[in-house]
1. For the stretch A:1-258, just say rounded, prolate or oblate: build the C-alpha gyration tensor, square-root its eigenvalues into a ≥ b ≥ c, call rounded for a/c under 1.5, and beyond that prolate if a/b exceeds b/c, oblate if not.
2. At most 16 other Cβ atoms within 10 Å and a DSSP loop assignment: could you name the trypsin sites (Lys or Arg not before Pro) in the stretch A:159-259 that fit?
3. Give me a comma-separated list of calculated 3J(HN,Hα) values for the stretch B:44-51, in order, Karplus coefficients 6.51, -1.76, 1.60 applied at θ = phi - 60°, integers in Hz, x for any Gly or Pro.
4. Please give the per residue accessible area of the protein assembly as shown, computed with a probe of 1.4 Å over protein heavy atoms only, in Å².
5. If you add up the charges near A:Tyr103, with Lys and Arg at +1 and Asp and Glu at -1, over every other residue whose beta carbon is less than 13 angstrom from its beta carbon, what do you get?
6. For the stretch B:96-165, give the percent of accessible area contributed by carbon and sulfur heavy atoms, probe 1.4 Å, rounded to a whole number.
7. With every protein chain in place, what's the accessible area of A:Cys148 (1.4 Å probe, Å², nearest 10)?
8. For the stretch B:67-89, list whatever residues lose no less than 20 Å² of accessible surface once every protein chain is in place, relative to that chain by itself, with the probe at 1.4 Å.
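The values are calculated or read from the model by the stated rules, or taken from the named source; none is laboratory data. In this text the structure is predicted, and so the values were computed from the model without any measurement. Glycine gets a Cβ as well: all are built from the backbone with ideal geometry, and neighbour counts include every protein chain shown. Remember, those area values only see protein heavy atoms, side chains included, never the ligands or the DNA or RNA. Shrake-Rupley method; radii C 1.70, N 1.55, O 1.52, S 1.80 Å.
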Amino acid sequence: MNIFINKIKQYQFMFSELVKRDFNKRYKRSVLGILWSMIAPLFQLLVMSFVFDRVFGDTMEHYTIYMFAGQLMFNYFREATDNGMQSITSNSGIITKVNAPKYLFLISKIMAASINFLLTLVIFFIFVIAYRITITWKFIFVIFPIICLFVLIVGTGLILSALFVFFKDIQYLYDIFTLALMYFTAIFYDVKIFEGSIVAKLIYLNPVFVYIDYLREIVLHNTIPAFSYHLYCIFYALFILRIGMWMYKKYNYMFLYYI
Amino acid sequence: MNMIEVDHVSVTYILGDIKELSLKEFFIRKLHGEVITKEFKALDDITFHVKKGELLGIIGSNGSGKSTILKVLSNIMPASAGTVKVNGVVAPLLELTAGFDDEMTVKENVYLRGALLGYTKKFIEDKYDEIIDFAEIRDFEDVAFRKLSSGMKSKIAFSLASFVKPDILILDEVLSVGDISFKAKSEQRMKELFDSGVTTILVSHAIEQIREMCTKVLWLEKGHMRGYGETQQMCDEYEAYMRGEHA
């Protein structure tokens, strides 16, 4: 038991050092580096709202916030999974020489992206306040889709990092996949335009959209979605996590033969 | 008491197509049943036991499986068959500079690499000055690691690793580093470590070192046990074999 607790303590320290490293590497340890990583999505938001406000702005209140919510969540998903994909291979020098659980390297990479996400989230709420949206107690529930998204990212990361060890071209395939996923995420358009068609249903098969939808319900409509919708959210996150864990468990011993 | 029990251990690597295939090709070939995998036995039926306080040397020519057996003992790589029993805390020092990050400062690297070596945060905080002073790089604490000379890098890496307090020490040719004066210092440090009653497994190509230090020797050749026993006899046989090989 004591050994077990020591192990956790040990890995905790190792993990925090890895997160520090990954975060510094990403932002080149400069305030400007962090700033840049937030300016890019804000600029993207500016351009998109300028263009699409003409199309959708009339039919929707707070269109910029609507789009920001979608972009915020989707970018987090794409960035974190993209980084996570290479976590095993980019740490191969350590993994082949040091005995440590390999998932630590993945989660560390995801954490570095999460810090960036949280900073952008702060800006998002500054926008929310600037648009004179009243913040109520219901806003606490914003944390729910974020946790679900995090679990989904870990699950996806487990799948991708395992695949990437074996097949390097997964990188390009995943790029195409995320591009398609983006258009199926209703970031800048309203799902209502597909109402009645099969597309509207298909979009709900996309967990990233489901979480964005949840966030929008709270921020734009001040409503907490139905209880069943929560189960739906949790189901997606756990389902992908389960697949990821299964792949990791089944193939993780083989990583060493490949990297 | 046996600190290490290795019984009939084999490690099989997978070679062949699968390593170079893209995902697309993999599926196409899988459909046609054309994925060819070859297996390669890096270790084949290895058995040995190491008692407490013993110093086992592992010798053999390149590609004989020496590093693989160390990875198996360190629990980095699983054995494909057989059992490995290890009683106690293992410190694998397979490559001293593994985990050092070029962009980070020396100080940050001490913490990162220390964590990977299994040190606690408190331990590093307490020993930090000692580590830096032993490596003689006090003036370079806040310099990016990549700016150090390779000698300095190996000094700090050695210094940091030499604070391990394991039951079992696993070494892959990392006994002494640096210039002459540092070599003497690092050898002294290793002697202290061996004398503390630690059980050691050492891979080396320096036969003289093996003769001098080891209590037993395991000789591997192409993944097989070529010999296992008394140090001088094993080293004599190995040297005779190597001379014959190159004659």
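1. prolate
2. Of the trypsin sites (Lys or Arg not before Pro), the ones in loops of the stretch A:159-259 whose Cβ has at most 16 other Cβ atoms within 10 Å are A:Lys168.
3. Going residue by residue, I get 10, 6, 9, 9, 7, 10, 10, 8 Hz, with x marking Gly and Pro.
4. 49
5. Result for the local shell: +3.
6. 47
7. Roughly 10 Å² of A:Cys148 is accessible to a 1.4 Å probe.
8. So the qualifying set is B:Lys71, B:Asn75, B:Ile76, B:Met77, B:Pro78.
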